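Engineer: First the structure, which I've put down as structure tokens, then a few questions once you've had a look.
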């Protein structure tokens, strides 16, 4: 299993037409890597290229080109690559093999790890702030409803949670008042978003609110978070004997 | 345009069936807010709840009940809110008024000729 840290990335350049005992060469090499337990490999098909023979191979030529470039890439530990290299050189024939030092930030996993990384926003408790944003339902941001865009923006910024409420009546900064018939112009589309997170997180989000909300009211108040439970964490925890 | 100030947030809870004279209470309170020039007032209808009388407010399609819980959020400076509260005392016969001090940022779109024509 590949571990995070130093590793080697191997790239093998082949021609699409190359065969090995009647089978396409790339599939022979892929099989070889598979059965030798390499963590993963990818075959990429080029659209044009040239190799040692300096013949241009391109897919747009009238004649059907069967010699397009093929690239096989895989990443493994230095020891494993050294063990495979001899056989690979033999299989690649005239093709080029390139190696480069690389760093594995996160290896691929078969299944999600049992202990999921707890997102930063799930660790809030105690003193926090509530941010309420009063806007109009008709407000838009880049072709989508503003309240939807704000929810997406908050999600992208790991704000702990947000709920959108639709008012049945209202007026405010986001609605111009009709002087003689005050209630007529106010009948539709007051929307309130209510988000809770630490003061720092919400303040850090404010510049985005500045950009996105052309008209409206943003209200901050201090709150205490009594409980913040995250269901995905609970389901991974051992289940109690009875409900 | 952006302005920032400290304000009061009032949340008033009552039922949708509550009335003030000949109209729904929330419309009456909203009209009062308009009259007093309150900055922001929004009425929300809840899907279920109960209040001081412990009757369950529920908006159900089956019973055609019109007594869903109503929550109004009203925001303005302390002085303006103070001018509203005496009216609330007489208007809200049964309900709950919660107040908190909040920090407010108000965004106002610069008036353009097109916007005023709207």
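Engineer: Every residue in the range B:15-31 that is touching a strand residue (DSSP E or B) at 6+ places or on another chain (Cβ under 9 Å) and either within 14 Å of residue B:74 (Cα to Cα) or free of Cβ contacts under 8 Å to residues at least 24 places away in the same chain (or both), please.
Structural biologist: Passing the criteria: B:24, B:26, B:27, B:28, B:29, B:30, B:31.
Engineer: Still on this structure: Got a sec? Which of B:84, B:96, B:30 is more than 27 Å from residue A:214 (Cβ to Cβ), at pLDDT 90 or above and within 13 Å of the chain's Cα centre (by Cα)?
Structural biologist: Exactly one of B:84, B:96, B:30 is more than 27 Å from residue A:214 (Cβ to Cβ), at pLDDT 90 or above and within 13 Å of the chain's Cα centre (by Cα), namely B:84.
Engineer: State which residue is modelled with the highest pLDDT when the search covers only the range A:45-96 and only residues that are exposed (fewer than 14 other Cβ atoms within 10 Å of the Cβ) and part of a strand (DSSP E or B).
Structural biologist: Checked the range A:45-96; the qualifying residue modelled with the highest pLDDT is A:96.
Engineer: So which of A:142, A:179, A:127 is over 28 Å from the mean Cα position of the chain (by Cα), loosely packed, with under 12 Cβ neighbours inside 10 Å and modelled with pLDDT of 85 or more?
Structural biologist: Details: A:142 fails: over 28 Å from the mean Cα position of the chain (by Cα); A:179 fails: modelled with pLDDT of 85 or more.
Matching residue, one of A:142, A:179, A:127: A:127.
Engineer: Quick one: residue B:16 ticks every box in (1) modelled with pLDDT of 90 or more; (2) within 11 Å of chain A (Cβ to nearest Cβ); (3) surrounded by 15 or more Cβ atoms within 10 Å (Cβ to Cβ) bar one, so which box is it?
Structural biologist: Here residue B:16 clears every test but (1).
Engineer: May I ask you to list the residues in the range A:1-36 that are without any contact (Cβ under 8 Å) to a residue 24 or more places away in the chain, touching a helix residue (DSSP H, G or I) at 6+ places or on another chain (Cβ under 9 Å) and assigned to a loop (DSSP other than H, G, I, E, B)?
Structural biologist: Selection gives A:21 alone.
The values are calculated or read from the model by the stated rules, or taken from the named source; none is laboratory data. What you are looking at is a predicted structure, and each value in this text was computed from that prediction instead of being measured. Methodologically, a virtual Cβ is constructed for each residue, glycine included, from the backbone with ideal geometry; neighbour enumeration extends over all protein chains shown.
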